[in-house]
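What follows is one structure encoded as structure tokens, with my remarks underneath.
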Amino acid sequence: MATVLDPAGAPATDERRADRRGGSTPPGGRRRHVPPLLAISPFYMLFAVFGAFPVVFSMYLSVQDWDGIGDMRFVGLKQYGWLLKDSVFWHSVLNTFEIWFLSTVPMLFLALVLAFLLHSQVRFAGAYRVAYFIPNVTSMVAMTIVFGSVFAQAGLANALLRAVGLDGIGWLSSEWGIKASVSIMIIWRWVGYNALIFLAGLQAIPTEHFEAARVDGANSWQTLFRVVVPQLRPVVLFAAVTSTINGLQIFTESQVLFQSTDVGTTGGPGQEGMTIVLYLWQKAFKEHQFGYGAAMGWLLFAIIAVFTIINWRLVSGSDRDDRRPGIAGLLRRKGARDGR
């Protein structure tokens, strides 16, 4: 009996001959995938219940008028229309952007400087890295209570100002004092985390680039901004996008900072600490307007998506210019390589 050969010249097995004749699945072919699928199924089940379902349900809820107990009443897109006319909502949007700008820009700059210093030959670098990361894993509720005592009228911040001959600031009672207090807490929490992200990117830059910059006479600031920053664009983009997403979802700082008073649900005097998420929480869980809160959440999602795209364009736009052919692109690449 002749032996059947496969195209490569090897004897064809029964399974291969069965596949050629009828294209049928070999016996047990599908059953062998069952154990791995069962092993990873708990993740997908948990994700479906606690991840996918809330997202889909919130979209459905945004077109319903519901207090959480009674029957739902379909209102269509009316809640989005009411939201666009809500002056308190737009005030919370303005507060969120102001706090985001006051916290994100200084935080990313300080994180980059700290990462550059850690990348240098300093003693106890490992201890510094751990110390910088501790605020990110510390309970923000507990630390907000601590910062509340620091920024009190008779707190440590005003005591230091009076010690140098300056007047105290109403950190928790004035417009910009409230925004500055929240921004300082955000910087304190995230600067170490982003510094470690930047440090990982710095360690991927060849040491020859730093040596060439020193040979050309570049000082530390010139090395940072003309050698390091151009090569850290992907890392900067990641940090900018994540900081934007986190910064536009500020909640704990504003809510806990004023929780001991009646303004704990409004973000302080004059609602100057009212953020989008805090207003969402107030409407949904204090006033039981869950449909209105869901509509606000989806509008927040749209705002975050737009600003993420803007950050992507701003940070990655210069990188595309460097890859563009022509004299300008060549000069940019040469300047980045030479550290000039």
Accessible area per residue, Å², segment 81-339 with all protein chains present, probe 1.4 Å: 51 Å²
Points 7 angstrom from Cα along the Cβ direction at residue 141 and residue 249: gap in nanometres? 1.8 nm
In segment 81-339 the accessible area split gives carbon plus sulfur, as whole percent at 1.4 Å, a share of 66 percent
Taking H placed 1.01 Å from N in the peptide plane, check which residues at least 5 places from residue 64 or on another chain put their amide H under 5 Å from its amide H. 75
Roughly speaking, what % of Cα-Cα pairs in segment 81-339 are separated by over 26 Å, rounded to a whole number? 51 percent
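Estimate the FRET efficiency between residue 57 and residue 309 by the formula 1/(1 + (r/R0)^6), using the beta-carbon distance for r and 22 Å for R0, to the nearest 0.05.
The value I calculate is 0.25.
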Expressed as a rounded percentage, what relative contact order does segment 81-339 have, with Cα pairs under 8 Å and six or more residues apart? 26 percent
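The values are calculated or read from the model by the stated rules, or taken from the named source; none is laboratory data. Nothing here was measured: the structure is a model prediction, and the numbers come from that model. Every residue, glycine among them, receives a Cβ derived from its backbone with ideal geometry; neighbour counts consider all protein chains shown. Surface accessibility is based on the protein's heavy atoms, side chains included, excluding ligands, DNA and RNA. Shrake-Rupley method; radii C 1.70, N 1.55, O 1.52, S 1.80 Å.
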